[in-house]
Amino acid sequence: MEKLKKLWNDRSNQLRYARWIIQYTRPYIGKIILMMLITLAQTIMTLVMVQVTKTIIDNATGGNSFVNLIIIYIVMIVGMQILEIFMSLFSTILNERFSFGIRKQIYEKIIKSHWMDVRKYHTGDLMTRLTSDAGNIADGIIGTIPNIIQLCIELILIFFMLFYYSHLLAIFALLVAPVADVSTWWFGKKLRKLQVKLQESEAAYRSFMQESLANLLIVKAFANEDYSMEKLTKLRENRFYWLYKRTKMGVVTSTAMSFSFQIGYIVAFAYGALQISRKVITYGTMSVFISLVNRVQAPIMGLAQQIPKVVSILASAGRIMELQNIPLEEKEAKNIKAERIGIEVMDMTFGYTDEPVLKDASLKINPGEFVAIVGESGIGKTTLVRIMMSFMSNIEGKVSYFNESGEVENSNAGTREFIAYVPQGNTLFSGTIRENIRMGNLNATEDDIIEALKLASGYDFVMELPQGLDTVIGERGHGLSEGQAQRIAIARAFVRKSPFLILDEATSALDETTELAVLQGLQKLTPRPTCLIITHRKSILQYCDRELKIEDKKVSI
Ligand SMILES: Nc1ncnc2c1ncn2[C@@H]1O[C@H](COP(=O)(O)OP(=O)(O)OP(=O)(O)O)[C@@H](O)[C@H]1O
Ligand SMILES: [Mg+2]
């Protein structure tokens, strides 16, 4: 009841979700209807088979021939099997297409929205929406909703057929319906609550295993092995508790259901036997009673089971729509000529929260300049770079790029074309070293890659690896040293040959000689880019034309 009330109060949202689902489903409507028609044909065939069975029994008891009817019966069984095979293949394909369609849409949305808006979500949360929520909707559209329509049609057809043979039994079967529906609703509600608890405990248990495996080194370094084992055991016990409760509830529910089935069955059986003894009906009609009473109850039970599923489909649609509502980042069509590029930031204010990190900050870097940015840890250096890269959506003030011909373009997703960026921290992907470098420029030739690697002082160590550029590295560059990973990330930026280069603590893990070599490589880049270097090291400053300092939420010279 509470759930119903909640649904009712939230009806405008639920309607929005439902409308979204309908709109999304439109291209698949034809195929879904075809599927429903086939299931309907199956229902009608089973009803015809009931009728045929009756005639066979009546003919047999009346001493008439029934061979032809048996043949018809067998042909129908074979036909049903063929339809069944077709249906299961068809619905699997349709489900896969449908769920991939939704996944692709969400993935595209995530990739093409502002980084900051998406980054608010936990990666695990995004993954859940991409996988289980999308799957839930697909199951709902391909399975649950056609099923509900199908069950309703089935119920009406069977009811009238039963009504034709016995008014009394038909009405009795209908009376069982509300009782069965209310009880399954009640049990279902309890079951759902337990299911949520079980899923939560399962998530906790899994994340613990995943996280401790990913940080195995820390577990060992702090001698946490026994502690980890104990924690795992506790989490498993918690999971087991909910699993046991859920299973107990499931058993009670299914027992109650089958019990009400049995009652219906026994009533039909006793009533049929009574009618036969009074010679009011034939044995054939008796077989109709028994099978139809069974069949009329199946859709009633089925319908009751669909209600929680509909609730969960709408919930998933809501979670997906939340992502759909994130605005896409603007990418302006017109790019200024990217010869030599400078940047101007004017009265810019930005904060991750209400508290700004940078306030009314201004700076200008002319084309071709080498500029260093310094400032204590946590002051906003990386944040400034993210703003220049237009990763954030809620910036006050103006950030624009300009070239030597005086053309100006406000920063947007498109102006990232001008920039080659080496982010702070290890940002390599799993895969080969070549693949990692090529991500900087998908059109790079082998020569371009080698040249960039040489300028980043990474060529020698890569060539010493047995597989060279084809060496496969793990997540976040696992298999390379920090300094080696940094040089690959620098080569990835160099290969882009962009007019503007941003290095965020890109050489922090390098020794002085290697760092010097990288900076000299940087000077040799052709064409020579404008360069913004964030650093804590004084030694780098001698390579720069100017030094900017972030202080008191402003950029000062
Ligand atoms: N995603 C985020 N959400 C909320 N606050 C953030 C986020 N990222 C950074 N901050 C905060 O913004 C401030 C500036 O962070 P930023 O990463 O720009 O510092 P930084 O100057 O690059 O420091 P470091 O030298 O340590 O790299 C910090 O106080 C930090 O806590
Ligand atoms: Mg930083």
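I need the full set of residues from region 411-425 which are under 23 Å from Leu525 (Cβ atoms), more than 16 Å from ligand 1 (Cβ to nearest atom) and among the hydrophobic types (A, V, I, L, M, F, W, C), in order please.
Phe418, Ile419, Ala420
Would you point out the residue of region 326-351, among those that are of a type in the set (Gly, Ala, Ser), touching a residue at least 60 places away in the same chain (Cβ under 8 Å) and assigned to a loop (DSSP other than H, G, I, E, B), that is farthest from Phe391 (Cα to Cα)?
Ala338
Grab the helices (runs of 4 or more DSSP H) fully contained in region 454-557, keeping just those with 2 or more residues being in the same structural domain as Gly378 (by TED's automatic domain parsing) and within 30 Å of Leu217 (Cα to Cα).
Where helices (runs of 4 or more DSSP H) fall fully within region 454-557 and carry at least 2 residues being in the same structural domain as Gly378 (by TED's automatic domain parsing) and within 30 Å of Leu217 (Cα to Cα), they are 459-464, 482-494, 512-524.
Taking interchain pairs and intrachain pairs at least six residues apart, which have beta carbon atoms under 6 angstrom, with the first residue in region 539-557 and closer than 17 Å to Ser377 by Cα and away from ligand 2 (no atom under 16 Å from the Cβ) and the second outside any strand (DSSP E or B) and of a type in the set (Gly, Ala, Ser)?
Close Cβ pairs satisfying both conditions: none exist.
Which condition breaks for Val472 when tested against (1) in contact with a strand residue (DSSP E or B) (Cβ under 6 Å, 6 or more places away or on another chain); (2) in contact (Cβ under 8 Å) with a residue 60 or more places away in the chain?
Single failed check for Val472: (2).
Test of understanding: among Ser183, Ser201, Ser260, which residue is at pLDDT below 75 and over 30 Å from Thr285 (Cβ atoms)?
The conditions single out Ser183.
Being within 16 Å of ligand 1 (Cβ to nearest atom) and either modelled with pLDDT of 90 or more or surrounded by 13 or more Cβ atoms within 10 Å (Cβ to Cβ) (or both) narrows it down to one residue among Ile502, Ile488; which is it?
Ile502
Does any residue of region 520-533 turn out to be within 16 Å of ligand 2 (Cβ to nearest atom), under 30 Å from Asn403 (Cβ atoms) and within 42 Å of the chain's Cα centre (by Cα)?
yes
If you go through region 424-438 one residue at a time, how many are in contact (Cβ under 8 Å) with a residue 12 or more places away in the chain and either in a helix (DSSP H, G or I) or more than 18 Å from His478 (Cα to Cα) (or both)?
Going through region 424-438 one residue at a time, the tally reaches 5.
Gly351 passes all but one of (1) buried (at least 17 other Cβ atoms within 10 Å of the Cβ); (2) touching an Asp or Glu at 6+ places or on another chain (Cβ under 9 Å); (3) of a type outside the set (Val, Ile, Thr); which number fails?
Here Gly351 clears every test but (2).
Quick check on this structure: which one of Gly425, Gly440, Gly414 is at positive phi and within 32 Å of the chain's Cα centre (by Cα)? Break it down stepwise before answering.
Values: Gly440 fails: at positive phi; Gly414 fails: at positive phi.
When all the criteria are applied, what remains is Gly425.
Tally time: how many residues in region 231-247 are more than 16 Å from Met209 (Cα to Cα) and surrounded by 14 or more Cβ atoms within 10 Å (Cβ to Cβ)?
Going through region 231-247 one residue at a time, the tally reaches 4.
Please pick out the residue among Glu376, Glu417, Glu407 that is more than 23 Å from Ile490 (Cβ to Cβ) and more than 16 Å from ligand 2 (Cβ to nearest atom).
Being more than 23 Å from Ile490 (Cβ to Cβ) and more than 16 Å from ligand 2 (Cβ to nearest atom) holds for just one of Glu376, Glu417, Glu407, which is Glu407.
Would you mention how many residues in region 276-306 are more than 14 Å from Lys54 (Cβ to Cβ) and modelled with pLDDT of 80 or more?
4
What are the residues in region 356-410 that are away from ligand 1 (no atom under 16 Å from the Cβ), on the phi > 0 side of the Ramachandran plot, outside any strand (DSSP E or B) and in contact (Cβ under 8 Å) with a residue 24 or more places away in the chain, if any?
If the condition is that a residue be away from ligand 1 (no atom under 16 Å from the Cβ), on the phi > 0 side of the Ramachandran plot, outside any strand (DSSP E or B) and in contact (Cβ under 8 Å) with a residue 24 or more places away in the chain, then Gly368 is the only one that fits.
Return the residue satisfying two criteria in turn: it lies in region 496-519 and is among the hydrophobic types (A, V, I, L, M, F, W, C) and in contact with a Lys or Arg (Cβ under 8 Å, 6 or more places away or on another chain), and of such residues it is nearest to ligand 2 (Cβ to nearest atom).
It comes out as Leu510.
Counting only residues that are over 41 Å from the mean Cα position of the chain (by Cα) and β-branched (Val, Ile, Thr), how many does region 478-519 have?
Of region 478-519, the ones over 41 Å from the mean Cα position of the chain (by Cα) are 511-517, 519.
From the residues that got through so far, the ones that are β-branched (Val, Ile, Thr) too are 513-514.
Number of matching residues: 2.
Checking the structure you have, find out if any residue of region 255-269 is of a type in the set (Val, Ile, Thr) and touching a residue at least 40 places away in the same chain (Cβ under 8 Å).
Yes, because at least one residue in region 255-269 is of a type in the set (Val, Ile, Thr) and touching a residue at least 40 places away in the same chain (Cβ under 8 Å).
Here is a check on your reading of the model: is Arg319 among the charged types (D, E, K, R) and either more than 30 Å from Ile145 (Cα to Cα) or not assigned by TED's automatic domain parsing to the domain that holds Gln150 (or both)? Reasoning before the result, please.
Details: among the charged types (D, E, K, R): yes; either more than 30 Å from Ile145 (Cα to Cα) or not assigned by TED's automatic domain parsing to the domain that holds Gln150 (or both): no.
Against the criterion (among the charged types (D, E, K, R) and either more than 30 Å from Ile145 (Cα to Cα) or not assigned by TED's automatic domain parsing to the domain that holds Gln150 (or both)), Arg319 does not qualify.
From Ala221, Ala268, Ala214, Ala256, grab the single residue that is farther than 18 Å from Leu168 by Cβ and surrounded by 14 or more Cβ atoms within 10 Å (Cβ to Cβ).
Going through Ala221, Ala268, Ala214, Ala256 in turn, the sole match is Ala256.
Regarding region 310-324, can at least one residue be identified that is surrounded by 14 or more Cβ atoms within 10 Å (Cβ to Cβ), touching a residue at least 24 places away in the same chain (Cβ under 8 Å) and within 14 Å of ligand 1 (Cβ to nearest atom)?
Scanning region 310-324, I find no residue that is surrounded by 14 or more Cβ atoms within 10 Å (Cβ to Cβ), touching a residue at least 24 places away in the same chain (Cβ under 8 Å) and within 14 Å of ligand 1 (Cβ to nearest atom), so the answer is no.
The values are calculated or read from the model by the stated rules, or taken from the named source; none is laboratory data. Predicted, not measured: the structure shown is a model, and the values here were computed from it. Heads up, the Cβs are rebuilt from the backbone with ideal geometry, glycines too, and the neighbour counts pull from every protein chain shown.
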